[in-house]
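First the structure, in the form of structure tokens, and then the observations on it.
Readers should treat all values here as calculations from the given coordinates under stated rules, not as data from a laboratory. Keep in mind the model is a prediction, meaning the values are calculated, not measured. FYI the Cβ positions are ideal-geometry reconstructions off the backbone, even for glycines, and counts take in every protein chain you see.
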């Protein structure tokens, strides 16, 4: 089954895919100008890769989790897809992504960290599965 995960942020959406059973590959992040443009780009990405299931990161048990959960679920509702969606705890995935890449590349706001966070989210989902 072809899987994808997204790490939805206010400025960038990290994206990762798993085309076989266990190798997760981060993709170029989607830079978010507005939610409709970002939803169109996520839709296009999912169709191009023929993704069969989407895993979405949610900040469970965090202080600001209710507001972000509402925003993330609203964004997901804008997607024009008919594939199953699962939610996976994304807590500290961005921090983990920064630590993993420390010294490997400069931490710019280009979405690399966001897509590595999406990779971590998808790996967590696959372990749990």
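Quickly work out the residue 34-to-residue 86 label distance, labels modelled 7 Å from Cα along the C-beta direction, and quote it in nm with one decimal.
Result: 3.5 nm between the two label points.
Rounded, prolate or oblate for the range 1-65? Axes are the square roots of the Cα gyration tensor eigenvalues, ordered a ≥ b ≥ c, and the cut-off for rounded is a/c under 1.5. Before the final figure, lay out each step's value.
Values: a/c = 2.17, a/b = 1.24, b/c = 1.76.
It is oblate, given that a/c is not under 1.5 and a/b is not larger than b/c.
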